[in-house]
Structures are given as structure tokens and as C-alpha cells.
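S.K.: The structure that follows is given in the form of C-alpha cells.
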Amino acid sequence: MSGPLSAIATLDLTGWRPALTPDVRETAVRTIEGGGVLVLPNVRFDLSERERRFLSPQWSDGRAKNVSLDGATLKGARGTADELSELAAMVARFAASAAELVVTLFPRYAPYVQRARTSFRPQPAVGREVSWRKDDSRLHVDAFPSRPNHGERILRVFSNVSPADDRVWRVGEPFEAMARTFLPRIPRPWPGSAAILAALHVTKRKRSAYDHLMLNLHDRAKEDMAYQRDCPQQEVHFAPGTTWLCFSDQVMHAAVSGQYMLEQTINLPVPALYDPSRSPLAILERLTGRTLVPSR
């Protein structure tokens, strides 16, 4: 496809606490905060012999698409108490490894890291019957209807633990290019709607103008099939044993294929960034000429 594409940078690092030269760290920061994907083909999350039995869809409860660890609570899984305890321990071990990797790569983030949900995905990446809004095979940036984040970043660490199959994504154009396409299609929210949604507990707190825009960018991109087909995009393969990172609120991404992946979500405030001017919040405020998150 013609047009600019999000950067894909591959670094030859090993281990969850890799040694970095200043040049390598600069590449990592520039890639991740510039809206690219950082690929680490030699940073592998190894499963023990007993843990390899979890590479089966049978551990999913059939209702949730992912097995998730939220604090100490394992959700979306089925098995005996002992089996679920071992599965939770595996996911927790990945959570600790992913957080360690992030603070090693990006020391500035360390005081701000807020570890959120950790997921294990035993189901195939595509194939479930879902609505177009939940269809992650369509290019999108992450934004959550019930969890307004007021510009807070969504950093994700992924690891392909499949023994044989690549995890395949489509990665699209830079965030600003996408935003310029869809911002004119986004109406202003109804007056008072953010307060009403929060009062009814539809959202965990009031949506900011930023959250309204991000949800609409997510939806407008997913529903526009001509954009999905024709926008600048590239296919990226993550081989078994590969770990990769991106700000999923900034990278246009879509699942193509793959099975058996671990994922850690880390929330970061904008001031934690090396260059806050490259965040989606800063970009959207520049494009709209408005303050989108009050009192920050």
C-alpha cells in the first residue's frame, strides 16, 4: 500500500533484563513513542514441561476470549483448583517478566508503571463470532468504552508462546494520518452525557473529550471497510518465541492469525513519557486546537 507506515524496529536483545547501549535504548524509545512496534525475536518466555499442557483451547471457559489475571483473580479459565493455580502462576510469572522488561528498556517509566490485566490467549486469533466493534481482525487503536483513561497510555507487551505458528498482525499508518481521516466524522458528545454515563455506572468515571475522540476513532476505523482495505498497511509476522511491544492506543493494528499468546497491559501517565508531545493526547489536542483533558 502507498503512504506512510508505522515503524517496525527489530532489536537483537536477549533475556528479560537485556543490556542496552545508549544507541539501542534511543532506538527503542524513538520507535515505541513514535507509534511503532518494537520486536524482540530473542526475548522468549519459556514454558516448563508442565506448563506446556496449557497450550490448548480446553483451558478457556468458552465465554471469554482470553484467560486473564487481574490482581490475584484468574478469569475466563476452567480446570481443577490445582490446575487453575498453576495456570495463574504461569500468567503471573509472565506479568513479572514483562514489567521487568519495560523498566529495563525504558528506565524513565519505572516510577510510573501501573501493571494492569495480564492475558493468556489460548484461542485462535480469529474465528469467533463477534460484532464489528469487537472484531480485532480490523485495524484499530485501543480505547475502552467503560474505562475512560483521560489520555493515559496503554503500553502492551506480547509474547508468542506457540510451539509452531507465527502470530500475524496487520499494522497500519501512523496515528496522526488516521486521525486526520476520521476526526471530521466525529460529532461532539451530547451535553451532559459523560456525567450521566458515570452516574449510571456505565463508565468507571466521566469520559473526557479525549476519551470521546478515541472511542470514535476506534469505531469509525473499524466500520469503514474501504479504509480497512485501502489504507497503508503491512503484514508483520511474530515467530514463535518472539516478544514485541507497542502503545496499542497509538499503533493501528489488527489480528490476522495465530494462537497461544501472553499479553501484559501497562498503564502510563503522559508525563512519564520521554517525549509527551508524541502522545495521542498531544496529537489530538494539536489537531483539534482544544484542551481535551481538563486540569492535568
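S.K.: Out of all the residues in segment 124-157, which are under 28 Å from PHE54 (Cα atoms), modelled with pLDDT under 95 and surrounded by 20 or more Cβ atoms within 10 Å (Cβ to Cβ)?
M.R.: Hit for segment 124-157 is ALA125, nothing else.
S.K.: Which of the residues belonging to segment 248-296 are part of a helix (DSSP H, G or I) and among the small types (Gly, Ala, Ser)? Working first, answer last.
M.R.: Taking segment 248-296 first, the residues part of a helix (DSSP H, G or I) are 270-272, 276-278, 280-288.
Within segment 248-296, ALA272, SER277, ALA282 meet the criteria.
S.K.: Any idea which residue in segment 6-31 is surrounded by the fewest Cβ atoms within 10 Å (Cβ to Cβ), counting only those that are aliphatic (A, V, I, L, M) and not in a helix (DSSP H, G or I)? It would help to see each step written out before you state the result.
M.R.: Taking segment 6-31 first, the residues aliphatic (A, V, I, L, M) are 7-9, 11, 13, 19-20, 24, 28-29.
Narrowing the set further to residues that are not in a helix (DSSP H, G or I) leaves 7-9, 11, 13, 19-20.
On the way: ALA7: 17, ILE8: 17, ALA9: 17, LEU11: 18, LEU13: 21, ALA19: 9, LEU20: 17.
That would be ALA19.
S.K.: Is it the case that ALA179 is out of contact with any His (no Cβ under 9 Å at 6 or more places or on another chain), part of a helix (DSSP H, G or I) and surrounded by fewer than 19 Cβ atoms within 10 Å (Cβ to Cβ)?
M.R.: Details: out of contact with any His (no Cβ under 9 Å at 6 or more places or on another chain): yes; part of a helix (DSSP H, G or I): yes; surrounded by fewer than 19 Cβ atoms within 10 Å (Cβ to Cβ): no.
For ALA179, the condition - out of contact with any His (no Cβ under 9 Å at 6 or more places or on another chain), part of a helix (DSSP H, G or I) and surrounded by fewer than 19 Cβ atoms within 10 Å (Cβ to Cβ) - is not met.
S.K.: Follow-up question, since we're still on this one. Quick one: would you say GLY3 is free of Cβ contacts under 8 Å to residues at least 24 places away in the same chain and either in a loop (DSSP other than H, G, I, E, B) or closer than 24 Å to LEU268 by Cα (or both)? Outline the logic, then answer.
M.R.: Values: free of Cβ contacts under 8 Å to residues at least 24 places away in the same chain: no; either in a loop (DSSP other than H, G, I, E, B) or closer than 24 Å to LEU268 by Cα (or both): yes.
Here the answer is no, as GLY3 does not meet what is asked.
S.K.: Okay, next question. Which of the residues spanning segment 206-233 are more than 15 Å from LEU292 (Cα to Cα) and in contact with a His (Cβ under 8 Å, 6 or more places away or on another chain)?
M.R.: Filtering segment 206-233 down to residues more than 15 Å from LEU292 (Cα to Cα) leaves 218-233.
Within segment 206-233, HIS218, ALA221, LYS222 meet the criteria.
S.K.: Additional query: All but one of (1) farther than 26 Å from ALA221 by Cβ; (2) crowded, with 17+ Cβ neighbours inside 10 Å; (3) without any contact (Cβ under 8 Å) to a residue 24 or more places away in the chain; (4) not aromatic (Phe, Trp, Tyr) hold for ALA96; which doesn't?
M.R.: (2)
S.K.: Looking at segment 32-66 only, could you name the residues that are surrounded by 18 or more Cβ atoms within 10 Å (Cβ to Cβ), small (Gly, Ala, Ser) and within 30 Å of ASP275 (Cα to Cα)?
M.R.: GLY35, GLY36
S.K.: Can you confirm whether LEU197 is without any contact (Cβ under 8 Å) to a residue 12 or more places away in the chain and surrounded by 17 or more Cβ atoms within 10 Å (Cβ to Cβ)?
M.R.: Here the answer is yes, as LEU197 does meet what is asked.
S.K.: Can you run down the residue pairs with Cβ atoms below 6 Å, 6 or more apart or on separate chains, where the first is in segment 112-136 and farther than 16 Å from SER248 by Cα and the partner is part of a helix (DSSP H, G or I) and among the β-branched types (Val, Ile, Thr)?
M.R.: Correct list of pairs: PHE120/VAL91.
S.K.: State the number of residues belonging to segment 16-40 that are hydrophobic (A, V, I, L, M, F, W, C) and farther than 17 Å from ALA98 by Cα. Break it down stepwise before answering.
M.R.: Step one: list which residues in segment 16-40 are hydrophobic (A, V, I, L, M, F, W, C), which gives 16, 19-20, 24, 28-29, 32, 37-40.
Then drop every residue that is not farther than 17 Å from ALA98 by Cα, which leaves 24.
Qualifying residue count for the region: 1.
S.K.: Moving to a separate point now. Determine which single condition ILE154 fails, assuming it passes every other condition in (1) farther than 14 Å from ASP249 by Cβ; (2) of a type outside the set (D, E, K, R); (3) in contact (Cβ under 8 Å) with a residue 60 or more places away in the chain.
M.R.: (1)
S.K.: Tell me the residue from ASP249, ASP275, ASP230 that is touching a residue at least 12 places away in the same chain (Cβ under 8 Å), crowded, with 22+ Cβ neighbours inside 10 Å and of a type in the set (D, E, K, R), please.
M.R.: Only one candidate qualifies: ASP249.
S.K.: Against the conditions (1) basic (Lys, Arg); (2) assigned to a helix (DSSP H, G or I); (3) more than 19 Å from GLN264 (Cα to Cα), where does ARG63 fall short? Just the number, please.
M.R.: Condition (2) is where ARG63 drops out.
S.K.: For segment 241-281: of the residues being of a type in the set (Asp, Glu) and within 13 Å of the chain's Cα centre (by Cα), which is farthest from ALA96 (Cα to Cα)?
M.R.: So in segment 241-281, the residues of a type in the set (Asp, Glu) come out as 249, 263, 275.
Narrowing further to those that are within 13 Å of the chain's Cα centre (by Cα): 249, 263.
Details: ASP249: 22, GLU263: 12 Å.
The qualifying residue farthest from ALA96 (Cα to Cα) is ASP249.
S.K.: Let me ask something additional. Going through segment 159-170 one residue at a time, which ones are under 15 Å from the mean Cα position of the chain (by Cα) and surrounded by fewer than 22 Cβ atoms within 10 Å (Cβ to Cβ)? Break it down stepwise before answering.
M.R.: Residues of segment 159-170 that are under 15 Å from the mean Cα position of the chain (by Cα), as a first pass: 159-160, 167-170.
If the condition is that a residue be under 15 Å from the mean Cα position of the chain (by Cα) and surrounded by fewer than 22 Cβ atoms within 10 Å (Cβ to Cβ), then VAL168, ARG170 are the ones that fit.
S.K.: Could you check, for segment 250-261, whether at least one of its residues is in contact with a strand residue (DSSP E or B) (Cβ under 6 Å, 6 or more places away or on another chain), closer than 16 Å to LEU38 by Cα and either of a type in the set (Asp, Glu) or at pLDDT below 95 (or both)?
M.R.: No.
S.K.: Let me spell it out: the conditions are (1) touching a helix residue (DSSP H, G or I) at 6+ places or on another chain (Cβ under 8 Å); (2) modelled with pLDDT under 95, and ASP70 meets all of them except one. Which number is the exception?
M.R.: (1)
The values are calculated or read from the model by the stated rules, or taken from the named source; none is laboratory data. In this text the structure is predicted, and so the values were computed from the model without any measurement. Glycine gets a Cβ as well: all are built from the backbone with ideal geometry, and neighbour counts include every protein chain shown.
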